[in-house]
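Here is the structure we will look at.
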Amino acid sequence: FFSKSNFHGKIISINLNTKQTNILSKGHRNPQGLLYLEDKNIIINTEHGPKGGDEININFLDKIYNFGWPITSYGIRYNGEDPFVKNHENYDKPIKYFTPSIAPSQIIQKHGESSFYIASLKNTSVYEINFSEDFSQILNEKRIFIGERIRDIIEMNDNIFALTLDNSPAIAFFQDSN
């Protein structure tokens, strides 16, 4: 997994003109949401852990981060075995982990604000997350219950968000009350 000769478990950049690739981070199990903040030069990603241990990771693009998969995880295997290191010693720590799992999918930034929305498949909710200005910590988190597995989320306008649902062929809408 940590080999430079493959892209398993890695987030990479690809120059579309030259086809040159660069590893941005590694040690990922199953990234679902990926958001690049150009003005901060960081990537925020949401990731499925095994049974438990879903993560939100912050990648400042000044170095190659290693989040430790398959050595470390806050989850366990589905058969109940727990071979993982829990403290992420020698690896970069997620800024947030969810145990039990929420199955995070898409992540978006609320237009013009420091709020971010993360869609959840398992918890059938949208999570509003606010980071500190330097992205070193989460200041607050709010769960907005929708009641359906949410695959994607986009901001339409005037704080109205469209959600694509996984269990039914529908698009739902919600309006942010903030």
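Which of the residues spanning the range 77-92 are touching a residue at least 24 places away in the same chain (Cβ under 8 Å), under 16 Å from N57 (Cα atoms) and not hydroxyl-bearing (S, T, Y)?
The one that is touching a residue at least 24 places away in the same chain (Cβ under 8 Å), under 16 Å from N57 (Cα atoms) and not hydroxyl-bearing (S, T, Y): D92.
Six or more apart or on different chains, Cβ under 8 Å: which pairs go from a residue in the range 93-105 that's of a type in the set (S, T, N, Q) to one that's open to solvent by 80 Å² or more (accessible area, probe 1.4 Å)? Could you list them?
Every condition considered, the pairs that remain are S101/K51; S101/K122; S105/R151.
Please count how many residues of the range 78-100 are within 19 Å of N140 (Cβ to Cβ) and of a type outside the set (F, W, Y).
Matching residues across the range 78-100 total 3.
Residues of the range 159-169 being farther than 16 Å from Q109 by Cβ and open to solvent by 40 Å² or more (accessible area, probe 1.4 Å), which ones?
Correct list: T164, D166, N167, P169.
Which residue is most open to solvent (accessible area, probe 1.4 Å), if the candidates are limited to the range 110-141 and must be part of a loop (DSSP other than H, G, I, E, B) and over 18 Å from I95 (Cα atoms)?
Once the filter is applied, the top-ranked residue is H111.
Residues checked against (1) touching a Phe, Trp or Tyr at 6+ places or on another chain (Cβ under 6 Å); (2) in a loop (DSSP other than H, G, I, E, B); (3) modelled with pLDDT under 95; (4) among the basic types (K, R):
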| position | (1), (2), (3), (4) |
| --- | --- |
| N90 | no, yes, yes, no |
| Y97 | yes, no, no, no |
| R143 | yes, no, no, yes |
| G147 | no, yes, yes, no |
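Looking at D62, is it in a loop (DSSP other than H, G, I, E, B), at pLDDT below 95 and under 22 Å from N130 (Cα atoms)?
In short, no.
Could you check the range 38-69 and list, in sequence order, the residues that are closer than 23 Å to L121 by Cα and open to solvent by 50 Å² or more (accessible area, probe 1.4 Å)?
K51
Any residue that is more than 16 Å from the chain's Cα centre (by Cα), under 17 Å from F173 (Cα atoms) and among the aliphatic types (A, V, I, L, M) - is there at least one of those in the range 128-148?
Yes, because at least one residue in the range 128-148 is more than 16 Å from the chain's Cα centre (by Cα), under 17 Å from F173 (Cα atoms) and among the aliphatic types (A, V, I, L, M).
I'd like the full set of residues that are surrounded by fewer than 22 Cβ atoms within 10 Å (Cβ to Cβ) and of a type outside the set (A, V, I, L, M, F, W, C), limited to the range 73-89.
Y74, R77, Y78, N79, G80, E81, D82, P83, K86, N87, H88, E89
Out of the range 1-37, which residues are surrounded by 16 or more Cβ atoms within 10 Å (Cβ to Cβ) and among the polar types (S, T, N, Q)?
If the condition is that a residue be surrounded by 16 or more Cβ atoms within 10 Å (Cβ to Cβ) and among the polar types (S, T, N, Q), then S25, Q32 are the ones that fit.
The values are calculated or read from the model by the stated rules, or taken from the named source; none is laboratory data. Everything numeric here is computed off the predicted structure, so don't read it as measured data. Note: ideal-geometry Cβ built from the backbone for every residue, glycine included; neighbour counts use all protein chains shown. Protein only, heavy atoms only, side chains kept; ligands, DNA and RNA dropped before computing areas. Shrake-Rupley method; radii C 1.70, N 1.55, O 1.52, S 1.80 Å.
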